[in-house]
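Only one structure is covered here, and it is reproduced in the block below.
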Amino acid sequence: MSAESAEAAESHPADFVVVANRLPVDRASDGGGGTAWRTAPGGLVTALEPVMRDRQGAWVGWHGAPDEALDPFDYDGYHLVPVQLSAQEVEEYYEGFSNGTLWPLYHDVVAKPEYHREWWDAYHAVNERFAEATAQVAAQGATVWVQDYQLQLVPQMLRQRRPDLRIGYFLHIPFPPIELFQQLPWRRQIIEGLLGADIIGFQTPGGAQNFTRICRHRLKMETHREVVTLPTGRSTRAKAYPISIDAKGLESLAQSQATLERAAELRRELGDPEVLFLGVDRLDYTKGIYHRLRAYGELVADGIVDPRKVAFLQVATPSRERVEEYKRLRDEVNMLVGRINGDLGDVRRPAITYLHASFPRAELAAMYTAADVCVVTPLRDGMNLVCKEYVACRSNTDGALVLSEFTGAAGELRQAYMINPYDINSMKHGMTLAMNDTVQNKRRRMRALRRQVFTHDIDAWATSFLDDLAALPPAQAPSSGPQA
Ligand code: GDG
């Protein structure tokens, strides 16, 4: 951090600090040849907005451009603290260790994790920089909430610098079982890094249990239910906080006249099918897109689905395109869709309409509103928000959700048509049942799903985490305040 930015941070001590890989803003063209910041849409920003405003919040994160140093700045009521990353760090810390090592390892090794010491070194160095920037901006006794797998070392690094802080951490992806986690050459450092937090939040109880089991068996720490006691006597909690969505906000977008009109138009554009299937995912190998489309292709080939009457719309948002595994997946899905449409499509319409693009939120809401069946088939997923978004948009209590058992959401959305994505027959059966079930059954299931999503929304998630953090006794450590 430059001397000027340290000064700027000191003049903005924040009582509440969010630390995430990315800042909640993107740079976009301002129309006049320059650029301007724009809020990056996302559940986390929406959920934390009131807390950020009430408590003089600051957000520490990368601003998205490599090799660019930016001083902290205020935007729309937030104090934003950009962390600089070099192009090599983006390659080694972000694309490398975060997305080439941790992401596949934490998702049940559905792709092969790569272990490189230079990637680890970059991850360590970048985590150190995030911890330093946070230590500079946090006010005396502030609450800090660190997000996700890119920053697992930050809690401990921050505690060493600022023992007066209350530190929470939330992992958005699964935490793997010990048998897989122990592959990681830096497993001890990661666990110790996380243990710097007062509360470590996971998407599911299973993730929290995997973590406490590792503390007990590998680090020989004392654990009692969700509490892990460190050799220093300090204790940390590992607990599930299933994340959710802004259900009311999305529902009102879905019910707007413009969305309803667009939904009807979409169905017309797709040839007025009797049944419309929908998939929406980042193009990621964890999401089971290939498996899902293969199963659907078989339904068409078997004659169970008639492509003249049924349409499948698959949105695959471009993601991590510089990572090798993602390039391969993109080619594989392209080829599969080409093959299915070439073999089974009709002159009037393809069996699968495949869109490799990203869309505005309102267009997604129109897709959810238009679809009769939403198909969510990850091989492993921390939570999965798409299924919750679909449910939030079904205010007529119609529609059916096909959901993989391997998502965090499966623990909550028990009334979905559950499938095992590794079992192609199970997927075919789930999709067929969802398509053909009685209206009564579908409504009964959808009502239960909606109750769950609306009573456990993103506000409830943020509030329960932050309330638990606030209820802990104040940090025992001597106070030090922001350091220059
Ligand atoms: C991680 C965990 C966990 C998708 N395409 C477009 C678009 N989206 C939006 C969806 C949804 C979000 O992206 C995807 O959320 P998911 O939960 O499905 O998946 P990840 O990105 O993998 O997220 C996951 C999540 O963190 C939260 O903790 O649930 O398990 O992997 O909101 O709507 N949004 C727009 N255009 C698109 O084209 N606007």
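The values are calculated or read from the model by the stated rules, or taken from the named source; none is laboratory data. Just so we're clear, the structure is a prediction, and the values are computed from it rather than from any experiment. As a convention, Cβ positions derive from the backbone with ideal geometry for all residues, glycine included, and neighbour counts pool all protein chains shown. Heavy atoms of the whole protein, side chains included, go into the accessibility calculation; ligands, DNA and RNA do not. Shrake-Rupley method; radii C 1.70, N 1.55, O 1.52, S 1.80 Å.
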Q) Among the residues of the stretch 333-357, which ones are within 27 Å of the chain's Cα centre (by Cα) and loosely packed, with under 14 Cβ neighbours inside 10 Å? A) Asn334, Leu355, Ala357
Q: Among residues belonging to the stretch 130-183 that are among the basic types (Lys, Arg) and open to solvent by 20 Å² or more (accessible area, probe 1.4 Å), point out the one that is farthest from the ligand (Cβ to nearest atom).
A: Arg161
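So that you can scan it fast, the table gives a plain yes or no per residue for (1) basic (Lys, Arg); (2) at pLDDT 95 or above; (3) over 24 Å from Asp54 (Cα atoms); (4) within 23 Å of the chain's Cα centre (by Cα):
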{"position": "Glu405", "(1), (2), (3), (4)": "no, yes, yes, yes"}
{"position": "Lys428", "(1), (2), (3), (4)": "yes, yes, yes, no"}
{"position": "Asn436", "(1), (2), (3), (4)": "no, yes, yes, no"}
{"position": "Asn441", "(1), (2), (3), (4)": "no, yes, yes, no"}
{"position": "Asp468", "(1), (2), (3), (4)": "no, yes, no, yes"}
Q: Kindly indicate the residue of the stretch 251-267 that is open to solvent by less than 10 Å² (accessible area, probe 1.4 Å) and either assigned by TED's automatic domain parsing to the domain that holds Thr212 or small (Gly, Ala, Ser) (or both) and also nearest to Met435 (Cα to Cα) among those meeting that condition.
A: Ala263
(Q) Give me the strands (runs of 3 or more DSSP E) completely within the stretch 189-289, filtered to those with at least 1 residues that are within 16 Å of Phe175 (Cβ to Cβ), ordered by residue number. (A) 199-202, 222-224, 227-229, 235-240
Q: Exactly one condition in (1) more than 8 Å from the ligand (Cβ to nearest atom); (2) outside any strand (DSSP E or B); (3) open to solvent by 20 Å² or more (accessible area, probe 1.4 Å) is not met by Tyr390; state its number.
A: (3)
Q | Looking only at the stretch 231-251, and only at residues there that are on the phi < 0 side of the Ramachandran plot and away from the ligand (no atom under 16 Å from the Cβ), the one that is nearest to the chain's Cα centre (by Cα) | A | Ala238
Q) Can you tell me which residues in the stretch 315-366 are within 14 Å of the ligand (Cβ to nearest atom), assigned to a loop (DSSP other than H, G, I, E, B) and either in contact with a Phe, Trp or Tyr (Cβ under 8 Å, 6 or more places away or on another chain) or not assigned by TED's automatic domain parsing to the domain that holds Ser256 (or both)? A) Ser319, Arg320
Q: Considering every residue within the stretch 389-399, establish whether at least one is at pLDDT 95 or above, among the aromatic types (Phe, Trp, Tyr) and either outside the structural domain of Pro174 (by TED's automatic domain parsing) or closer than 15 Å to Glu251 by Cβ (or both).
A: yes
Q: Kindly provide the set of residues from the stretch 268-293 that are surrounded by fewer than 18 Cβ atoms within 10 Å (Cβ to Cβ) and either among the charged types (D, E, K, R) or outside the structural domain of Leu385 (by TED's automatic domain parsing) (or both), ordered by number.
A: Arg268, Glu269, Asp272, Glu274, Arg282
Q: Working carefully through the options Ala47, Ala28, find the one that is within 23 Å of Phe359 (Cα to Cα) and surrounded by 19 or more Cβ atoms within 10 Å (Cβ to Cβ).
A: Ala47
Q | Search result, residues across the stretch 107-123 that are touching a residue at least 40 places away in the same chain (Cβ under 8 Å) and either within 15 Å of Gln156 (Cβ to Cβ) or touching an Asp or Glu at 6+ places or on another chain (Cβ under 7 Å) (or both) | A | Ala111
Q) Since Thr407 meets every condition but one in (1) among the hydroxyl-bearing types (Ser, Thr, Tyr); (2) farther than 22 Å from Thr259 by Cα; (3) more than 13 Å from the ligand (Cβ to nearest atom), which condition does it not meet? A) (3)
Q) Going by the conditions given, is Gln84 under 20 Å from Val25 (Cα atoms), touching a residue at least 40 places away in the same chain (Cβ under 8 Å) and open to solvent by 10 Å² or more (accessible area, probe 1.4 Å)? A) yes
Q) Restricting attention to the stretch 370-387, and to residues there that are more than 8 Å from the ligand (Cβ to nearest atom) and surrounded by fewer than 24 Cβ atoms within 10 Å (Cβ to Cβ), which single residue is farthest from Pro205 (Cα to Cα)? A) Asp372
Q. Does any residue of the stretch 188-197 turn out to be open to solvent by 20 Å² or more (accessible area, probe 1.4 Å), among the β-branched types (Val, Ile, Thr) and under 24 Å from the mean Cα position of the chain (by Cα)?
A. no
Q. How many residues does the stretch 24-62 contain that are of a type in the set (Asp, Glu) and either assigned to a strand (DSSP E or B) or within 22 Å of the chain's Cα centre (by Cα) (or both)?
A. 2
Q) Does any residue of the stretch 64-80 turn out to be charged (D, E, K, R) and within 20 Å of the chain's Cα centre (by Cα)? A) no
Q | Every residue from the stretch 294-312 that is assigned to a loop (DSSP other than H, G, I, E, B) and either within 16 Å of the ligand (Cβ to nearest atom) or crowded, with 17+ Cβ neighbours inside 10 Å (or both) | A | Val305, Pro307
Q. Does Val315 count as of a type in the set (A, V, I, L, M, F, W, C), open to solvent by less than 10 Å² (accessible area, probe 1.4 Å), free of Cβ contacts under 8 Å to residues at least 60 places away in the same chain and closer than 18 Å to Glu265 by Cα?
A. yes
